[in-house]
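**Q** Dropping the structure in here first, questions after.
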Amino acid sequence: MKLSPDQSHYVLNYLMLQGKLRATLIQKALKSREQEIRSLRERLAALEKLSPAALPRARRRLRRLRRAVVRRALARRRIQMSPRVRALRQQQGKYMGFVRRLKVAEKARVRSVREKQGMEAAIRLAKSLGAKT
């Protein structure tokens with residue numbers, strides 16, 4: 001949620017008038033903001049003090065880390081699959097998807113059709129049985 005300065009001023013005044021927010025809480029929030037800014041400035045100053053010789057080393061290290069991350073991502077094992085195996089797996093997925101919704105007796109019927117007539121016939125039967133229920 002983003003508020004304009006006018007909106008935030010209105011909301012703070014409204015909450016204070018309702019008794020839901022105290023001025024001390026607002027002061028604490030502003031004080032912690034100032035502390036955060038101070039610590040960020042100190043960290044930035046420390047980074048700026050790094051010697052010019054240290055910067056190329058840091059860049060090289062960062063580059064090395066990035067390369068390692070990319071290598072790890074590329075090194076993930078990719079399974080090489082022939083078109084035939086891919087088609088068989090898709091067929092198996094269709095079969096299981098249709099059979100999953102069937103009752104026990106219907107599953108047994110589809111299983112026997114698969115053994116006798118093949119996977120395609122079993123898928124057609126399972127699809128038709130699933131459409132009826």
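What follows is calculated from the coordinates using simple rules that are stated; it is not laboratory data. Please read all numbers here as calculations on a predicted model, not as lab measurements. Using ideal geometry, Cβ is built from the backbone for each residue, glycine included, and neighbour counts are taken over all protein chains shown.
**Q** Compute the helix-to-body angle for 83-100: its Cα long axis versus the longest principal axis of the chain, expressed 0 to 90° and rounded to tens.
**A** Long axis of 83-100 versus the principal axis of the chain: about 90 degrees.
**Q** Oh, and also: Show which lysines lie in cross-link reach of K94 when reach means a straight Cα distance below 25 angstrom and same-chain residues fewer than eight apart are skipped.
**A** Qualifying lysines at Cα under 25 Å: K103, K107, K116, K127, K132.
**Q** Let me ask you something else. Grab the other residues whose beta carbon is less than 13 angstrom from that of Q90, score K and R as +1, D and E as -1, and report the net.
**A** On the way: positive: R84, R86, R89, K94; negative: E120.
Neighbour charge sum, excluding Q90 itself: +3.
**Q** Report, in degrees rounded to the nearest 10, the 0 to 90 angle that the Cα long axis of helix 104-117 makes with the longest principal axis of the chain.
**A** 60
**Q** Same structure again: Taking R0 as 30 Å, what FRET efficiency do you get between S8 and V70 from their Cβ-Cβ distance, rounded to the nearest 0.05?
**A** Working: r = 43 Å, r/R0 = 1.44.
Efficiency computed from Cβ-Cβ geometry: 0.10.
**Q** Here's something else I'd like to know. Using +1 at the Cβ of each Lys and Arg and -1 at the Cβ of each Asp and Glu in region 84-132, identify which of Q90, L129, S112 lies farthest towards the dipole's positive end.
**A** Q90
**Q** Which percent of Cα-Cα pairs in region 84-132 sits in each 10 Å bin, short to long?
**A** Bins of 10 Å from zero give 31, 56, 13, 0 percent of pairs.
**Q** By how many degrees, 0 to 90 and rounded to 10, does the Cα axis of helix 54-75 deviate from the longest principal axis of the chain?
**A** Helix 54-75 and the main axis of the chain meet at about 20 degrees.
**Q** Quickly estimate the mean residue ellipticity at 222 nm for the chain, helices only: each DSSP H run with n ≥ 4 gives -39500 (n - 2.57), and the total goes over all residues, rounded to 500. Kindly include the intermediate steps, with their values, before the conclusion.
**A** Values: 6 runs with 108 residues, N = 133.
Only helices count here, giving -27500 deg cm²/dmol.
**Q** A follow-up question, please. Which residues in region 77-105 have a backbone N closer than 16 Å to a point placed 7 Å from the Cα of M119 along the Cα-to-Cβ line?
**A** From region 77-105, the list is 81-100.
**Q** Express in nm, to one decimal, how much length is gained between K28 and A58 on full extension, taking 0.36 nm for each residue of separation and deducting their alpha carbon distance.
**A** Between K28 and A58, full extension yields 7.0 nm more.
**Q** While we're on this one: Averaged across orientations, what area in nm² does the convex hull of the alpha carbons in the chain project?
**A** Values: hull surface 83.1 nm².
Dividing the Cα hull surface by four gives the mean projection, 20.8 nm².
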